[in-house]
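The structure under discussion appears below in the form of structure tokens.
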Amino acid sequence: MSAQSHPTLCQVVNEVVETTSVFDIHTHLFDPAFGSLVSWGIDDLLTYHYLIAEAFRCSTEPAEVFWSLDKSQQADWIWQHLFLERSPISEACRGVLTTLRLLGIDARKRDLPTLRKHFAKWTPESYTDHILQIANVRKVCMTNLPFDDQERPYWEKGFTRHPSFVAALRLDPLLLEWEKTAGQLHGWGYDVRADLSGQTLGEVRRFLGDWALKMDSQYCMVSLPPEWRFPENTVTNRLLQEAILPFGRDHGQAFAMMIGVRRGVNPELRMAGDSLAPADVPSVEALCAAYPKNKFICTMLARENQHALCVAARKFRNLHIFGCWWFLNNPSLIEEITRMRIELLGLGVTPQHSDCRVMDQLAYKWSHSRPILAKVLSEKYSDLSDTGWHVTRAEIERDVHQLLGGGFEAFIKH
């Protein structure tokens with residue numbers, strides 16, 4: 001028999017990981033029905049905040065010069081600094097080039113105006129379907145903010161939803177900027193007060209129910225600073241304990257926490273100016289212990305937190321950890337963290353999410369992540385074989401489906 005007739009374990013794993021469709025459980029993408037809010041194409045790829053931060057390190061020009069440019073001019077500036085004046089070997093730069101390759105676009109002439117022409121034939125709708133097919137992504141979870149004045153009108157008016165896009169209800173302003181948000185809610189007809197008195201907490205639960213229904217949200221979520229502690233007596237924790245978590249229990253909504261971002265450490269860089277710090281894993285453990293009937297989803301931004309977070313997930317079955325978020329989204333760290341998680345948690349984890357803000361990024365993020373997952377799984381199945389336990393292809397397909405979003409779907413639904 002030829003080797004082709006009897007593929008190796010590694011070949012089977014690589015093929016299964018490559019062909020299994022993904023549920024991308026956290027992105028910042030928009031359904032194409034959101035029109036101008038949808039980011040796609042070469043200029044959006046190049047002006048992504050990862051590349052902005054990197055390009056600023058290569059220039060001595062004042063920041064206001066860059067911000068005074070229109071988007072195409074900003075893309076030209078970044079292309080010049082990161083792709084023409086030096087080799088684009090960072091992960092963010094490589095991602096742009098991987099995306100172009102997957103789209104069948106030859107970037108070797110390094111001519112940005114010519115590259116732009118390749119995107120002119122697409123509409124947001126057709127381009128979205130094309131990218132989903134290239135990336136082999138079956139479902140995309142958005143990040144949806146009812147407090148955003150640009151986004152909210154789409155939900156209030158209603159729109160025909162793309163079948164691959166689902167919503168997550170983001171609550172950062174409610175939990176972290178309550179005094180300001182209380183005024184917004186009051187203006188929308190909710191009887192709330194800044195001091196949380198009266199009917200406030202019940203009205204917050206009513207607001208959550210209204211918007212979860214409007215969005216058909218998969219879960220609720222917040223991005224918390226590294227300083228967050230539970231169960232400290234804070235407005236954030238009161239809202240969490242007396243509004244968010246009761247709502248979650250009543251409506252079957254898991255609560256996702258993305259912890260560790262330090263906002264605006266360099267204000268000159270705007271969105272690109274955020275940083276990180278280690279978060280407090282014991283606070284997550286205390287929350288899971290205090291509310292065993294709630295389901296919690298968690299990722300942390302600092303590498304230093306990853307081992308303790310894995311151990312926490314071993315202790316609490318109502319905690320599901322996911323993804324290599326933001327500054328961890330680099331191949332060396334993804335491999336390290338994925339291996340550790342599988343060794344500690346088996347299949348009870350979602351190793352990756354894309355965190356995309358630009359539609360095109362689905363192509364490169366999953367193209368870069370799949371081989372890492374396949375490498376780790378091949379090693380683990382080989383270790384199993386050494387014990388005499390041999391997995392079948394059907395079992396590998398089952399496992400990979402679970403790791404690429406199927407396990408997460410089961411966690412939030414049951």
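The values are calculated or read from the model by the stated rules, or taken from the named source; none is laboratory data. The structure displayed is predicted, hence computed values, not measured ones. No Cβ is skipped: glycine too gets one built from the backbone with ideal geometry, and neighbour counts run over all protein chains shown.
Taking the criterion of being assigned to a loop (DSSP other than H, G, I, E, B), free of Cβ contacts under 8 Å to residues at least 40 places away in the same chain and of a type in the set (S, T, N, Q), the only residue of the range 149-195 that qualifies is 164.
Within the range 399-414, the set of residues being among the small types (Gly, Ala, Ser) and crowded, with 16+ Cβ neighbours inside 10 Å comprises 405, 406, 407.
Among the conditions (1) over 21 Å from the mean Cα position of the chain (by Cα); (2) under 14 Å from residue 284 (Cβ atoms); (3) not in a helix (DSSP H, G or I), the only one that residue 233 does not satisfy is (2). Checking each residue in the range 125-160 for being more than 30 Å from residue 181 (Cβ to Cβ), surrounded by 13 or more Cβ atoms within 10 Å (Cβ to Cβ) and under 21 Å from the mean Cα position of the chain (by Cα) picks out 127, 128, 129, 130, 131, 132, 134, 135, 136, 137, 138. Pairs meeting the criteria (first residue in the range 78-97 and without any contact (Cβ under 8 Å) to a residue 24 or more places away in the chain, second residue surrounded by 22 or more Cβ atoms within 10 Å (Cβ to Cβ), beta carbons under 6 Å, at least 6 apart or on different chains) are 88/82. Selection within the range 270-287: residues that are free of Cβ contacts under 8 Å to residues at least 40 places away in the same chain and in a helix (DSSP H, G or I). The member of this set that is farthest from residue 62 (Cα to Cα) is 285.
When 86, 108 are checked against the criterion of being part of a loop (DSSP other than H, G, I, E, B), modelled with pLDDT under 95 and either closer than 25 Å to residue 331 by Cβ or among the hydroxyl-bearing types (Ser, Thr, Tyr) (or both), a single residue qualifies: 108. Could you please find all residues in the range 288-303 being assigned to a loop (DSSP other than H, G, I, E, B) and among the hydroxyl-bearing types (Ser, Thr, Tyr)? Within the range 288-303, 291 is the sole residue that qualifies.
Among residues belonging to the range 57-93 that are of a type in the set (Lys, Arg) and over 15 Å from residue 44 (Cα atoms), point out the one that is surrounded by the fewest Cβ atoms within 10 Å (Cβ to Cβ). The selected residue is 57.
Close Cβ contacts (under 6 Å, 6 or more residues apart or on different chains) running from residues in the range 216-228 that are hydrophobic (A, V, I, L, M, F, W, C) to residues that are assigned to a loop (DSSP other than H, G, I, E, B) comprise 220/171; 220/253; 222/171. I'd like the full set of residues that are over 16 Å from residue 358 (Cβ atoms), outside any loop (DSSP other than H, G, I, E, B) and of a type in the set (Gly, Ala, Ser), limited to the range 115-148. Answer for the range 115-148, where residues must be over 16 Å from residue 358 (Cβ atoms), outside any loop (DSSP other than H, G, I, E, B) and of a type in the set (Gly, Ala, Ser): just 126.
Residue-wise test of (1) outside any helix (DSSP H, G or I); (2) touching a Leu at 6+ places or on another chain (Cβ under 8 Å).
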site	(1), (2)
305	no, no
337	no, yes
352	yes, yes
372	no, no
375	no, no
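Is it true that residue 27 is polar (S, T, N, Q), in contact with a helix residue (DSSP H, G or I) (Cβ under 6 Å, 6 or more places away or on another chain) and touching a residue at least 60 places away in the same chain (Cβ under 8 Å)? Spelling it out, it is not the case that residue 27 is polar (S, T, N, Q), in contact with a helix residue (DSSP H, G or I) (Cβ under 6 Å, 6 or more places away or on another chain) and touching a residue at least 60 places away in the same chain (Cβ under 8 Å). Looking at the range 98-107, is at least one residue in contact (Cβ under 8 Å) with a residue 12 or more places away in the chain and either more than 17 Å from residue 40 (Cβ to Cβ) or assigned by TED's automatic domain parsing to the domain that holds residue 367 (or both)? No - not one qualifying residue is present in the range 98-107. Exactly one residue among 189, 209 is exposed (fewer than 14 other Cβ atoms within 10 Å of the Cβ) and modelled with pLDDT of 95 or more, and that residue is 189.
Collect the residues in the range 253-269 that are free of Cβ contacts under 8 Å to residues at least 40 places away in the same chain and either under 20 Å from residue 200 (Cα atoms) or assigned to a loop (DSSP other than H, G, I, E, B) (or both), keeping them in residue-number order. Within the range 253-269, 263, 264, 265, 266 meet the criteria.
Residue 53 passes every criterion in (1) in a loop (DSSP other than H, G, I, E, B); (2) closer than 22 Å to residue 357 by Cβ apart from (1).
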